[in-house]
Amino acid sequence: MNRVNFTGEQIGPYIVRERIGQGGMADVYRAFQPSVKREVALKVIPLFATGQQQEVQLRFKQEAEMIASLEHPHILPVFDYGITDEVLYLAMRLLRGGTLRELLLRGLMPIDQAADLFGQVALALGHAHRRGVIHRDLKPSNVMIDTEQNAYLADFGLAKVLGGSSQLTTTGSIIGTPAYMSPEQLRGDPINHRSDIYSLGVILYHMLAGRPPFEALTTFSLIYQHVEKTPPPPREFNPQIPPDVELVILRALQKNPDERFESSEHMTEALNIALGRKTRLDPSLLQPTPDTVVLQTSSLPYRGAIDSGSGSIPPSSSGMTAPSGGLSGATSQTVSNVAARSKGRLQARGLLAALALVVLGGLAALILILTQSNPPLKPAEVLMGETGTPEDVIPTEREIGLARQYLGSSGFIAFIVCNEGSEFFAGQARRMADIAAQWNLDFQRYDSRTDANQQIIQIERARADGARLLVVCIVDAEIVSDTLSAAAKAGIPLILQNISDPPSYKGVLITHDNYQLGQAPGRYAGQYVAEHMGGEANVVILDYPDLPAIVARANGLQDGLLEFAPDAHIVGRYLGGTSEFAEESIRALIEQDIHFDVILSINDAGAYGAINALSAAGFSPDSVVITGVDAEVLARRYIADGYFMRASVGVGQDEIPQVALNLAVKLMAGATLPQVIYTEPGDLITAENANSAGS
């Protein structure tokens, strides 16, 4: 991406002299501050022309103040921050020694040098953790080096700032760097300070082995390896790594966060002991972070080594200082025993992970065997570019029997749900499960939690579990394209939802006209504004810009409104799609005192989040008019009660699951099918029919 080069311009009080670094979201410049006559490193983050600007600016201000408060000898000092109409900027100390990434490009690092730099970073991180701050994006390029070869940790909190808005991420990107991210972060699970400790382990692995533990050509393969695969021992790449140091690294890389070190200081202490170094830590630094409970079994950080079983390592006689020869004989033996037990466990896990990863390495023998073990009498034929209706795909009893034969005794239909937290999608999953049970077809569901990277993991997990057909509610078509294309090439039948245009790979799409779907509640809102608000209103649209199909729906909402209320003012489009996203967007608007009378939401889930924010801020239910899409049970109740919501349109809550299972049977039975099945929008639900209408 070509970005504006600010060299020669003035940003805030800083005169920009030259660009010295570029990243995914920001550029770094050498700049001059005339008031104190010093040079600084100026990180500049361009603002995009979207409705998310105010939300991002508020978050940036909060995070910049937090970063500036972290005073530690090995945290890069932040002098100043600012916000202009075009950019966000941070002014930091200018270091001239480059980054740890640049050091790693030179090849293997001497162990002592690596341990020194690592210890400095770990102490800085521990300082942040004790103040409740998680870095989230630890990687070599965020470790700065000065001319005396001291390390400084940088970019605290920026991953969180940039991750809060999809407008600040490029399609297909991940907030953070997958090569260094923890499994729980990649899954989208809640994280604590131990997620950073995993990233520390990856960095130490890279410093000593000359490469990260996992490498891959595609993002989804890299993500899957971090989530499921046992890392290869770093001594495979550098036999000079002491065995005890290898144990330290592998403990930090445990999949279960609770099996990692209690703190970054504990990890540093373990590394020093493994290298026979005397600790330089103040014992008070080994206090746990606020959310950690210490088991009173040993004062050493190793407790249980990699395995959390019975073999703990006793403290050395001095409490905090290891013998000069490294770990004692008894301690080393304990570590070896623990490692042996751990190796057996890891090998068992590795077999399962290897089974799952077959799909990522080129669709090798095992998945092909599974795919071909119960083939249909003939392959299904998808007529690319052809369209049809639900009536075209009703299966016969014979086809249901063939589908059972195709699945065999261990295969199943997998539904990769967009988000089971949504009533609409959870209802779809329940309905599909009921239909599958009636036909005696095994069915399982996997929750993507509205996260495209999580969806990649769930698709691969379903295949590894033995799924013979995938029904996928797509979160982001571009990000999951490679994953689904690989499944299609492996012969896995695909049924796709939540996109408008058919993909290039083989699969049947269930869709509707999203623009038309948005028009109905948009027109209702326009008529309401015209009749009850004199034709004028300030309107917020809750959108989900990562999905073109949903953007088309938002366009329909806007155009439908303006058709009847052309003088209405569109305040902006803000992130919706889930209750959490929408609540955050509306809360930010309220905090910034931005006035609005109408909210158009691309789904009911977003409407609920908006209502939560409005209710918490004390808005009366008749002060803001909300319309949505999906006509869920709760939405109909709100509409009937006049509780913020005034209308919502149904999208086929019962029809879509039935069509999906019909298609699944036809595909498994080897039928000929059109590539796209169009379903019709449901009824528009208003106060007049909310108590009697279905979805």
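Throughout, read-outs are computed from the coordinates displayed, never taken from laboratory work. All values reported here derive from a predicted model rather than from experimental measurement. Heads up, the Cβs are rebuilt from the backbone with ideal geometry, glycines too, and the neighbour counts pull from every protein chain shown.
Label-to-label distance, Asn256 versus Asp80, with points set 7 angstrom from Cα along the beta-carbon direction: 5.1 nm. In a reduced charge model with +1 at each Lys and Arg Cβ and -1 at each Asp and Glu Cβ, region 514-650 shows a dipole moment near 260 debye about its Cα centre. Whole-Hz Karplus values for region 510-524 come out as 9, 8, 8, 7, 5, 4, 4, 4, x, 4, 4, x, x, 5, 4 Hz, taken residue by residue from phi with 6.51 cos²θ - 1.76 cosθ + 1.60 and θ = phi - 60°; glycine and proline positions read x. Annotation: the residues Met207, Met181, sorted from fewest to most other C-beta atoms within 10 Å of their own C-beta, follow the order Met207, Met181.
Placing a pseudo-label 7 Å from each Cα along the Cα-to-Cβ vector at Glu478 and Leu58 gives an inter-label distance of 2.8 nm.
Packing, as the average of other Cβ atoms within 10 Å across residues, places the peptides 463-474, 4-15 in the order 463-474, 4-15, highest first. In this structure, the pairs whose alpha-carbon distance is over 23 Å, taken from Lys255/Lys506; Lys378/Lys489; Lys139/Lys489, are Lys255/Lys506; Lys139/Lys489.
A simple spin-label model places the labels of His532 and Glu102 6.2 nm from each other, with each point 7 Å out along Cα-to-Cβ.
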